[in-house]
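The structure appears right after this line, and notes come after that.
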Amino acid sequence: MDGTSDDPVVPWRRRVVDAVLQTGIFVAAAVAILWSFRSGGFSSAGWAVTSVALVMQDKVRTSGRTALLRVCANLTGALVAFGVLALFGATIPGYVIGLSVTGLFCYLAGLSEGIRSAYVSVIIVIGADPLGLLAPAVERVGAVLVGSVVGIALSLAFEAIDRARKKREGGGITERVDG
C-alpha cells in the first residue's frame, strides 16, 4: 500500500502483510474475472485481467486516470480501425492509415500515455477475420473496459485498507499542520 514497497522506515513485517494482502486481492479478482468470462463463453478474459494489472494503483486517483486513458485509447483505436477496415480492408495500406490516424489523434487529444493500447486495438481489429467476424476484437475492447473498472475497484480497496491501517496505527488522530 502507500509507501511500503521499499520504504526502510516501514517495518518489514508490515511490508510482507501488505504485499500478501494486495497479491491475494489481485489474484482473487483475476480468478473471478477468468471464471466469469469463461462461464459466459467469452475468450477475452486475459485482456480483462491484463487491464486490471495495468490500471490498479495504490491511489485511486492515479488508477482512475490510467483506466480512463486506457479505455479512451482503446476505443479510439477500435473506432479508427473499424472505419479503416470498412474502407480499405485488412491491407497493408489499411494498417498504415489506421495506425497513423490513431497515433496522430492520440497525441493531439492528450492520450499519448495510452497510445500503446490504441495501437494494439488497431492491430487486433484490422487483423480480425476479413470476412467480418469482428466479435473477438469487439470483445477485447469490452474486456479492457471491464478490467479497467475492476482495477479502479481494487485501487479503492487498497486505499481504504491503507487508510484503515494508518488510522488504527495512529489511534485515529491526525495532526494538522498549517503552513
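With the condition kept exactly as written, say whether any residue in the stretch 75-89 is surrounded by fewer than 18 Cβ atoms within 10 Å (Cβ to Cβ), touching a helix residue (DSSP H, G or I) at 6+ places or on another chain (Cβ under 6 Å) and not in a loop (DSSP other than H, G, I, E, B).
Yes, that holds for at least one residue.
Go over the candidates VAL150, VAL125 one by one and state the one that is without any contact (Cβ under 8 Å) to a residue 60 or more places away in the chain, closer than 28 Å to ALA32 by Cβ and surrounded by 20 or more Cβ atoms within 10 Å (Cβ to Cβ).
On inspection, the qualifying residue turns out to be VAL125.
If you scan the stretch 90-115, which residues turn out to be exposed (fewer than 14 other Cβ atoms within 10 Å of the Cβ) and part of a helix (DSSP H, G or I)?
ILE92, PRO93, VAL96, SER100, LEU104, TYR107, LEU108, GLU113
List every residue pair whose Cβ atoms sit under 6 Å apart, with the two residues 6 or more apart in sequence or on different chains, where the first one lies in the stretch 55-73 and is within 14 Å of ALA157 (Cβ to Cβ) and in a helix (DSSP H, G or I) and the second, anywhere, is charged (D, E, K, R) and at pLDDT 75 or above.
Once the first residue is within 14 Å of ALA157 (Cβ to Cβ) and in a helix (DSSP H, G or I) and sits in the stretch 55-73, its partners that are charged (D, E, K, R) and at pLDDT 75 or above give VAL60/GLU159.
In the stretch 19-54, what residues are in contact (Cβ under 8 Å) with a residue 40 or more places away in the chain and more than 26 Å from ALA73 (Cα to Cα)?
Those that are in contact (Cβ under 8 Å) with a residue 40 or more places away in the chain and more than 26 Å from ALA73 (Cα to Cα): LEU21, GLN22, ILE25.
Being modelled with pLDDT under 90, within 18 Å of LYS166 (Cα to Cα) and surrounded by 14 or more Cβ atoms within 10 Å (Cβ to Cβ) narrows it down to one residue among VAL60, VAL9, VAL20; which is it?
Unique residue meeting the criteria: VAL60.
Which residues, taken from the stretch 21-66, are of a type in the set (Val, Ile, Thr) and within 20 Å of ARG140 (Cα to Cα)?
Matches in the stretch 21-66: VAL31, ILE33, VAL49, THR50, VAL52, VAL55, THR66.
The values are calculated or read from the model by the stated rules, or taken from the named source; none is laboratory data. All values derive from a computational prediction rather than experimental measurement. Every residue, glycine as well, gets a Cβ built from its backbone with ideal geometry; the counts of neighbours run over all protein chains shown.
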